[in-house]
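Engineer: Sharing a structure here in structure tokens format.
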Amino acid sequence: MAVGGAPAAADEDSGGLRTALSGLTTRGRSFIAAGVAAAVCAYVLGQSDLLRVGLLLAVLPLVCVAVLFRTRYRVAASRRLSPARVPAGSEARVHLRMDNVSRLPTGLLMLQDRVPYVLGPRPRFVLDRVEAGGRREVSYRVRSDLRGRYPLGPLQLRLTDPFGMCELTRSFSAHDNLTVIPRTEQLPPVRLTGESAGYGDGRQRSLALAGEDDVIPRGYRHGDDLRRVHWRSTARHGELMVRREEQPQRARCTVLLDTRRTAYEGAGPDSAFEWAVSGAASALVHVLERGFSVRLLTDTGSSVPGEGSGGFAGATQESADSAGLMMDALAVVGHSDGAGLSRSYDVLRGGNEGLLVAFFGSLDEEQAAVAARIRQRSGAAVAFVLNSDAWVHGEAAAEHGTRTLRLLRDAGWTALEVGPGAVLTELWRQAGQQRGGTDPASWYGGTAATGGGTAATGTGAGSGTGAAGTGTGTGASTGGWS
């Protein structure tokens, strides 16, 4: 978007002129002060030559202000992020482009982009004369160890006169958002119960035998094969009905994240809560790339992506889009003020929802009982329980923590305690070993080699993070003066 520098109304002229006068630099103010002093001395001493010098010193900065204020530069600016979604601790590059869309060359331009302090210092660039119709491109890097959504912009353009008497700062109106998602780890290809039968040979399961028809008919649509007309239903409904073809159904997985403020202590990138968020992100990417239909559920009862049946991603929704939605949610998720897990239990109480992977904070006996009931409503269930006291004070597991793990395991959970410095990949492998020891028939296609081969053909949290980080492409924006 191109803009001009001249105001349109008289009152805007006066207001803009006052703004321009406030842009006088130290040099400009010194020239005015010296000119006024010289004029006063010339009047007292009766020196006309000194008066001319004083007037020249005082008028020069004012002329520079007027010329700069009336400058009619028409400049277009755009910003592009590469990528627009980046894991915590990684760098993103911001590309700025300035286009001179006027018929006159510009003078010296100074650019400054507004950046949150978490991403680093504000970048500043000096551009020499830009010819008419010319273009200049600059770039800078941003990096954050803290997940979140950070605004970039608006871009500020600083104009100055050749003598350095005045500087005017004008801002573009557009800005972009950089999303810093949690770090993810590449999880090993273990098989947990709750996945579809025959998973080693394929990623989908059918509601009925292959080639069979669903007994529920639907209305005739243009182009349907007349051989599929269900005449009995046609006679009953009074309109042409056809037998509906069988649709495949993806195995389901729910990743439950406990965000209660009372369940965690400490803050910062190395806190227990950040470990839980990063673990949930790693699990989401892992099961998504293994062909699951996944949803992210928190203790508040809200789910992401929230589309399709039961809040799962729809059958036609791409895994990269689902990963992007859930990663965006995890990038900004914070502590909730809830005191229990009852809302998430209400969401899961509808029946078997397939595989359940939960990341819990500290659980008292009451909440551990609720978590045990959640297990009864799902298929396979794996729980990572973070010992908050150990994360903050370095203490060993308390007695009530041991009882909590025992209660979860008695309810059918594969429960593992997570202490400070724990590695999710090792815990994930331990969960698979515990499941494999009690239920060998639930592993990949009968052999571990088959399962490993399936995982090696393009799965894992590392590549998933790349898909989530770059799948959205790059974002571009243009701006005009504000």
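Engineer: Output the peptides 42-48, 182-188 sorted from most to least packed, where packing is the average of other Cβ atoms within 10 Å over each peptide's residues.
Structural biologist: 182-188, 42-48
Engineer: Nearest 20 debye, what's the magnitude of the dipole of segment 11-136 about its Cα centre given +1 on Lys and Arg Cβ and -1 on Asp and Glu Cβ?
Structural biologist: In total the dipole reaches around 580 debye.
Engineer: Would you mind classifying segment 23-181 by shape? Square roots of the alpha carbon gyration tensor eigenvalues, ordered a ≥ b ≥ c; an a/c under 1.5 is rounded, otherwise it is prolate if a/b is larger than b/c and oblate if not.
Structural biologist: Prolate, since a/c reaches 1.5 and a/b exceeds b/c.
Engineer: Could you work out how far the C-alpha centroid of segment 358-373 sits from that of segment 154-169, in angstrom?
Structural biologist: Rounded to whole Å, the Cα centres lie 60 Å apart.
Engineer: Also, I was wondering about something else. Starting from the amide H of S78, placed 1.01 Å from N in the peptide plane, find each other amide H under 5 Å away whose residue is 5 or more places distant or on another chain.
Structural biologist: Here R97 satisfy the definition.
Engineer: Still on this structure, please answer the following. Starting from the alpha-carbon convex hull of segment 26-86, give the projected area averaged over all orientations, in nm².
Structural biologist: So the Cα hull casts an average projection of 6.7 nm².
Engineer: Compare W413, W391 by solvent-accessible area with a 1.4 Å probe and give them largest first, with all protein chains kept in place.
Structural biologist: W391, W413
Engineer: If we sort 291-300, 24-33 on the protection proxy, mean other Cβ atoms within 10 Å, highest first, what's the order?
Structural biologist: Final packing ranking: 291-300, 24-33.
Engineer: Can you run phi through the Karplus equation (6.51, -1.76, 1.60; θ = phi - 60°) for segment 407-423 and list ³J(HN,Hα) in whole Hz, with x for Gly and Pro?
Structural biologist: After applying 6.51 cos²θ - 1.76 cosθ + 1.60, I find 5, 5, 5, 5, 7, x, 6, 8, 9, 10, 8, 10, x, x, x, 5, 9 Hz.
Engineer: Right, next: In what sequence, highest mean first, do 104-111, 323-330 appear when ranked by Cβ atoms within 10 angstrom?
Structural biologist: Answer by packing, highest mean first, reads 323-330, 104-111.
Engineer: Please give the contour-minus-distance gain from L45 to F125: 0.36 nm per residue of separation, less the Cα-Cα distance, rounded to one decimal in nm.
Structural biologist: 24.0 nm
Engineer: Determine ³J(HN,Hα), in whole Hz, for all residues of segment 143-151 in sequence, where each value follows from phi through the Karplus function 6.51 cos²θ - 1.76 cosθ + 1.60 and θ = phi - 60°; x replaces Gly and Pro.
Structural biologist: After applying 6.51 cos²θ - 1.76 cosθ + 1.60, I find 8, 9, 8, 10, 5, x, 10, 10, x Hz.
The values are calculated or read from the model by the stated rules, or taken from the named source; none is laboratory data. Nothing here was measured: the structure is a model prediction, and the numbers come from that model. Virtual Cβ from ideal backbone geometry, glycine too; neighbours counted across all protein chains shown. Ligands, DNA and RNA are stripped out before the accessible areas are found, and what is left, the full protein with its side chains, is counted by its heavy atoms. Shrake-Rupley method; radii C 1.70, N 1.55, O 1.52, S 1.80 Å.
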